[in-house]
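Working notes for the structure below.
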Amino acid sequence: MDNTSLLYLVKRDFKRERKRFIGALWSIFIATSLLFLLLSLGLGIRSYVIEKILSRLPSNQIIVRSKPLDLMGVSFSSSKSSGLNNNKVKEYESWKEIKKVYKQADAAFPVHVYGKLIKSYYGSDAIIVGYDSEYLASGQDWEDKFKYEPGKPVPVVASSTLLEIYNEAFASANNLPRLTEKDIIGRELFLDLGKNSLRRAEDYSPLNVKGVIIGFSNISTIFGASVPLEYVLKWNKMFGMKDNNYSALILEVTKPEYVDEVVSRIKDTGYRVESNLELSRRLTTLTRVMIGILLILGLLFLFLSLINLVNIFRLIVNERKREVALFRSLGASIKDIISLFVLESALLGLAGSIAGILSGLVFSLIAQKYLLAALPSFPFKPLYLFTFSPLAALLIIAGTIVLCVISPFSIFVKSASSDPAKHLG
Amino acid sequence: MIELKGINFSYSANRIFSNLNLEIKESCICSLVGRSGIGKSTFLYLIGGLLKPESGEVVVLGKNLDKENDISLSNYRNTTVGFIFQHFHLIDTLTVKENILIPHLFSRKAAGKEAALERLDMLVRELKIEDLVDRYPDSLSGGERQRTAIARALLNNPQILLADEPTGNLDSDSTEKILNILHAWQKDETSKSGRLLLMVTHDKNIAGKADRKLELSEDGLRDIDG
Ligand SMILES: Nc1ncnc2c1ncn2[C@@H]1O[C@H](COP(=O)(O)OP(=O)(O)O)[C@@H](O)[C@H]1O
Ligand SMILES: [Mg+2]
């Protein structure tokens, strides 16, 4: 049978089975539409997690901290005798799995920060953390400003997370203007070292230093200020710290595969070790599971529509027994008959899934617009709910066509190869 | 032209033929009678390549049908043999013309639509149904329907016509006409190689007019006289 004849017969069947085929199309349409919508939602969640969370958690880094001393239920995370000193840095640097060791030192004295915002002065007790310039600043456009330069205002890096929280939660609730990074960069602020609203460092007189906000970072401590490491080391000495210990070392491994091994090795030496890998893994697994659940839900709808399709073809094949037998007696091969049915079901799958995907796209865009508008603003509020993947769309179309052909295939084969004598009489 | 050798056939447990043998050497009109349910239609389907015997050989025009695959058997049904049925088996949703053209749909020859349409024109004129081509089968008389079915069977110019009680549903007037058509087809001098009309019938009269008369019974096939 040539293509012209095949198309002629298919066209005739579509005319004749209009009602049933519309029923089949409708269910395929609904199913693929939902499938695409759910899958796009899953992919949307995934890109949100990747963009907002995983990108802030570099998975080849390990943070080593000294174990907190636990004295009668009060824990101190002081850098006293942490053992994280330059010798330790050298030791870690000699490991072949470790590419780079960065240092972090927390201020061991109370701090109060204040500055002028809009018209009035605002202040807050804060944490000051010193970071290796290379660690915090590399790749940032304020890289060359994050340096230890005595006599100049201390370069301060603020947390972009804090800014987001301020804008989405605090500013709107208190009728304050929203602020962009640009609004804040370059502003002066003052650091009261040695005292805050709760306590004062004993034996040492407080010190007031001037600082300037040079930029924002994801890594930077949320409720505090990040400054170049050297400042904190210097100030800690001024406030009585004898040994030059660090509060944390950040190890960058050469390959993420080494993380687990290095973590367990360091844990055995009595340090507290954090790596993003575990968290990243857990988040990745979680998003995968989520996508999986949404996908299964969508596939369930597709499954139902396929049952419908199979039932429709079962009826059709049953009604066409005589016609199939006649066609066979007039020269149709088993393959001809199967091709006819296969083309019909494939066309149903194609038309249904294309329409379904288009409507899923339109519907989710509309839903996205209204849902996002209806949601109150909050920190890390997503800008979109759905991520549309052309590959996913193509896979759904191809998959639907294949399933539409495979599901009723045994019915087709049975019909095509059934004994014509039975139905010709 | 046709040779059956030691045919055994059954529908699951229902044995129809045991060691059936037959040879039809020359082109002729051959009639087949036998009680209802004895297996006459089954016999035609075996020769028409719609059924395969459990054992034995069906050789038609030198071709052993058991050895053919489905495609070449389909081709054989499409071009070498033509089927005519008691119940016509026209498709109600197709016009007379479309019904007649069905074998062309399944044709694997390069011959195009033009040739098929030409052949159709000739056939409907010969069968005197040229005015009916755009009508649907349910508006036709029994005789007209059977003539449509004959045109369909002859579209691809077969050498063998297998007719399963072709007049079983017709009045005597139409029966006469249809028989004349079939006989004329078989006797047609213009056909290069001889034609074979193998016709199952209940009617003793019709059977009697055949060149060769066969009877199918529980004991198998045998030639009958008179
Ligand atoms: N497809 C089939 N499956 C099972 N039994 C069948 C089938 N077709 C025919 N039969 C049985 O085989 C026997 C012969 O049928 P058939 O060849 O149609 O007889 P006839 O044409 O001589 O009346 C009958 O008993 C019939 O019921
Ligand atoms: Mg019969």
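The values are calculated or read from the model by the stated rules, or taken from the named source; none is laboratory data. Since the structure is predicted, the reported quantities are computational estimates derived from the model, not experimental observations. Glycine gets a Cβ as well: all are built from the backbone with ideal geometry, and neighbour counts include every protein chain shown. Accessible surface is based on the protein model in full, side chains and every heavy atom, while ligands, DNA and RNA are left aside. Shrake-Rupley method; radii C 1.70, N 1.55, O 1.52, S 1.80 Å.
With a Förster radius of 56 Å, plug the Cβ-Cβ distance of residue A:116 and residue A:91 into 1/(1 + (r/R0)^6) and report the FRET value to the nearest 0.05.
0.75
As a check on your grasp of the helix formula, calculate [θ] at 222 nm for chain B: sum -39500 (n - 2.57) over DSSP H runs of n ≥ 4, divide by the residue count, round to the nearest 500.
Per the formula, -9500 deg cm²/dmol.
Rounded to the nearest 500, what is chain A's calculated 222 nm mean residue ellipticity when only DSSP H runs of at least 4 contribute -39500 (n - 2.57) each, over all residues?
Helices in chain A give a 222 nm mean residue ellipticity of -16500 deg cm²/dmol.
May I ask you to rank A:93, A:202 by accessible area, largest first, using a 1.4 Å probe over the protein chains only?
Result of the area sort, largest leading: A:202, A:93.
For region A:307-330 and region B:1-72, what is the separation of their Cα centres, given in Å?
Result: 27 Å between the Cα centres.
I'd like the accessible area for residue B:51: 1.4 Å probe, protein heavy atoms, all chains in place, Å² to the nearest 10.
20
With a Förster radius of 56 Å, plug the Cβ-Cβ distance of residue B:184 and residue A:295 into 1/(1 + (r/R0)^6) and report the FRET value to the nearest 0.05.
Here the calculated transfer efficiency is 0.25.
Quantify, in whole percent, the carbon and sulfur part of the accessible surface of region A:61-254 (1.4 Å probe; protein heavy atoms only).
Of the solvent-accessible surface of region A:61-254, carbon and sulfur hold 52 percent.
So, by mean Cβ neighbours within 10 angstrom, what's the order for A:170-176, B:115-121 with the highest one leading?
In decreasing order of mean packing, A:170-176, B:115-121 become B:115-121, A:170-176.
Looking at region B:1-100, which trypsin sites (Lys or Arg not before Pro) are in a loop (DSSP not H, G, I, E or B) and have at most 10 other Cβ atoms within 10 Å?
Sparse-neighbourhood loop trypsin sites (Lys or Arg not before Pro): B:25.
With every protein chain kept in the model, how would you rank A:216, A:303 by accessible area, 1.4 Å probe, largest at the top?
Highest to lowest solvent-accessible surface, that is A:303, A:216.
Roughly how many nanometres apart are two label points built 7 Å out from the Cα toward the Cβ at residue A:197 and residue B:205?
Label at residue A:197, label at residue B:205, 12.0 nm between them.
Using only protein heavy atoms and a 1.4 angstrom probe, determine the accessible area buried between B and A, summed over both sides, in Å² to the nearest 100.
Buried surface at the B/A interface: approximately 2300 Å².
So what is the relative contact order for chain B, in percent, with contacts set as C-alpha pairs under 8 Å and at least six apart?
29
I'd like the Karplus ³J(HN,Hα) series for region B:207-216: coefficients 6.51, -1.76, 1.60, θ = phi - 60°, whole numbers in Hz, and an x wherever there's a Gly or Pro.
Working through the residues one at a time gives 4, x, 7, 6, 5, 9, 10, 10, 10, 9 Hz.
Can you pull the mean other chain C-beta count within 10 Å for peptide B:95-106?
4
Using each residue's phi in region A:296-308, evaluate 6.51 cos²θ - 1.76 cosθ + 1.60 at θ = phi - 60° and report the 3J(HN,Hα) Karplus result to the nearest Hz, with x for Gly and Pro.
Values per residue, Gly and Pro as x: 4, 4, x, 5, 4, 4, 5, 4, 4, 5, 6, 4, 4 Hz.
For residue A:398 and residue A:125, calculate 0.36 nm times their separation in residues minus their Cα-Cα distance, and state this gained length in nm to one decimal.
Working it through step by step, the gained length comes to 92.3 nm.
Loop-only GluC sites (Glu not before Pro) in region B:168-226, please: DSSP not H, G, I, E or B, and at most 13 other Cβ atoms within 10 Å.
Answer in residue order: B:189, B:218.
I need the shape label for the protein assembly as shown. Rule: rounded when a/c is under 1.5, else prolate if a/b > b/c, else oblate, with a, b, c from the alpha carbon gyration tensor.
prolate
Taking each residue of A:330-340 in turn, how many C-beta atoms of other protein chains fall within 10 Å of its C-beta, and what is the average?
6
Classify region B:135-226 as rounded, prolate or oblate, taking a ≥ b ≥ c as the square roots of the eigenvalues of its Cα gyration tensor: rounded when a/c is under 1.5, otherwise prolate if a/b is larger than b/c and oblate if not.
Taking the square roots of the gyration eigenvalues as a ≥ b ≥ c, region B:135-226 is oblate.
What length, rounded to one decimal in nm, is gained on full extension from residue A:205 through to residue A:148, with 0.36 nm per residue of separation minus their alpha-carbon distance?
18.2 nm
Carbon and sulfur: what percent of region A:343-386's accessible surface (1.4 Å probe)?
Result for region A:343-386: 85 percent of the exposed heavy-atom area is carbon or sulfur.
How much length would be gained if the chain were fully extended between residue A:358 and residue A:319, taking 0.36 nm per residue of separation minus their Cα-Cα distance, in nm to one decimal?
10.7 nm
Please sort B:151-163, A:30-42 by packing, taking for each peptide the average over its residues of neighbouring beta carbons within 10 angstrom, highest first.
Packing order, densest peptide first, comes out as A:30-42, B:151-163.
Let me confirm one metric for peptide B:79-92, namely the mean number of other chain beta-carbon atoms within 10 Å of its residues' beta-carbons.
What the average comes to for B:79-92 is 3.
Name all residues of region A:328-363 having a backbone nitrogen under 17 Å from the label point set 7 Å from the Cα of residue A:409 along its Cα→Cβ direction, giving them as ranges.
A:334-350
Can you give the FRET efficiency for residue A:252 and residue A:303, using 1/(1 + (r/R0)^6), R0 = 56 Å, r = Cβ-Cβ distance, to the nearest 0.05?
The calculated FRET efficiency here is 0.75.
Order the peptides B:193-206, A:265-278, A:100-113 from the highest to the lowest mean number of other Cβ atoms within 10 Å of their residues.
Those peptides, ordered most packed to least, come out A:100-113, B:193-206, A:265-278.
From the phi of every residue in region B:72-85, what ³J(HN,Hα) in whole Hz does the Karplus formula 6.51 cos²θ - 1.76 cosθ + 1.60 yield, where θ is phi - 60° and glycine or proline is x?
6, 5, 5, 4, 4, 5, 6, 10, 8, 10, x, 9, 10, 10
Just need the relative contact order of chain A here, percent rounded to a whole number, with Cα pairs under 8 Å and 6+ apart.
Relative contact order, chain A: 31 percent.
Per residue, how large is the accessible surface of chain A? Use a 1.4 angstrom probe and give square angstrom.
On a per-residue basis, 52 Å².
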